[in-house]
Every structure is written in structure tokens, then in C-alpha cells.
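The values are calculated or read from the model by the stated rules, or taken from the named source; none is laboratory data. These numbers were taken from a predicted model, which means no experiment stands behind them. Neighbour counts are summed over all protein chains in view; Cβ atoms, including those assigned to glycine, are modelled from backbone coordinates with ideal geometry. For the accessible areas, the whole protein counts, side chains as well, though only heavy atoms, and no ligand, DNA or RNA atoms are used. Shrake-Rupley method; radii C 1.70, N 1.55, O 1.52, S 1.80 Å.
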Amino acid sequence: DGSSTFGENNKWANFPSVALGWAFSDESFVKKYTANWLNWGKIRASFGTSGQVFSDEYLAYGSLGQQTGVSFDGNAGIVAKASVSPDLTWEKTEQYNLGLDLDMFEYRLGVKLDYYYKLTKSLLYTVNAPGNVNAFNVFIRNAMEISNEGLELEMTGDIVRGENLNWRMKFNISRNWNRFRKSYDDKDK
């Protein structure tokens, strides 16, 4: 992908992904032991990367904007909002997923279990310029890092399966952990 948001050396980036799955319930050595209760079973795994797209074109080249309290000839003044940041690059996210799908007892009970881990690096953040005499008050930097991790369980069951009446229930529960991994000033440590 390419974006004009970033500096000349960082406009382009690659974001690969791969996914694999194995329907183990189709294997003869599994059917031999699970034929009475397991209709379908699958293990899934995936890995992928992605980059954040921004609506601000040419962000690495600095930005101007109106500021209240600054005027010229009765009109709102234009001031520098952020300095040039030639090293600005993509916010990049890596995500890993593992999953298990089971359908049992003539498809009356279904279970899906998923684990995921997501790490976002190089988050863009507006950082105050050092000192108090600067042409720019702030500049934009790749300055933060966060992670999200979680487990999700979904169960589906047919309570009643009849000719005139079907009653299906779903239950899901999840546990998620969000962690702040890195900041521009290292106060996260």
C-alpha cells in the first residue's frame, strides 16, 4: 500500500497475511473415535499485518491551521500546527488468531473458541516540542504502542428441534486485556 500521509522514504509498506485451517473431523483416525458425537471439528490459525490509513494527506510535511486569538487585519490567523516529520511512518498492526470449531450430537451443540493477540506499533501521537521558544508548539511522531489480547467462547444449542417448533439458544462470553506498551516519554515503564 502507499499513502501520501507519510515521508518520502515511508510512503510504501507491505502488509502480508496468512490463514490455515484443518478439518480434523474428516480424518479417518478421528472418525474412528468420535463418530458417535462429533459431526464437525476444525482448528484455525491466522497471522496478518495491516496499516492505518489517515485522512490527513502530507502529514509528514507539517500542517497549518486557524488559531483563535491570532488575527491579521481582522481575519483569523494561520499558524503552524505541527512541524515537518520526515521519519513519520505507518501505524502497523500485527494480529494472531487461533480457533477451534466443534459441532456435536447431530449438530445440536456448537462450540467456537477463539484466542487473539493484536499489537499496534508506531501509533501517531501529537508530542509537545521541547523548550518554550519554538516555531512549532507540537510535532507528530510515531510514539505509542498498545496491545489487545482476548479469549472468546460461543456456544449454540438446539433445545427443541421439531417439525413445527425450533428453539435455539446462544451463549457467549469473552475476556479481553488491553495494555499500554510504550509511550514517547518512556513513562510507561
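For residue 96, the solvent-accessible surface computed with a 1.4 Å probe is close to 100 Å², ligands and nucleic acids excluded. Legend: calculated FRET efficiency, residue 1 to residue 126, from the Cβ-Cβ distance at R0 = 22 Å, rounded to 0.05, equals 0.40. The accessible area of residue 158, taken with all protein chains in place and a 1.4 Å probe, comes to roughly 30 Å². The candidates 100, 38, arranged from most to least accessible area with a 1.4 Å probe in the full protein assembly, appear as 100, 38. Ligands, DNA and RNA excluded, the heavy atoms of residue 165 present near 100 Å² of accessible surface to a 1.4 Å solvent probe.
Stretched out straight at 0.36 nm per residue, the stretch from residue 174 to residue 23 would grow longer than its current Cα-Cα span by 51.9 nm. For the stretch 2-41, trypsin sites (Lys or Arg not before Pro) meeting the loop criterion (DSSP other than H, G, I, E, B) and having at most 14 other Cβ atoms within 10 Å: none. Between residue 40 and 103, the built amide H atoms are under 5 Å apart, and every one of these is 5 or more places off in sequence or on another chain.
Exceedance of the 27 Å cut-off in Cα-Cα distance is limited, within the set 42/121; 42/118; 32/112; 11/118; 42/170, to 42/121.
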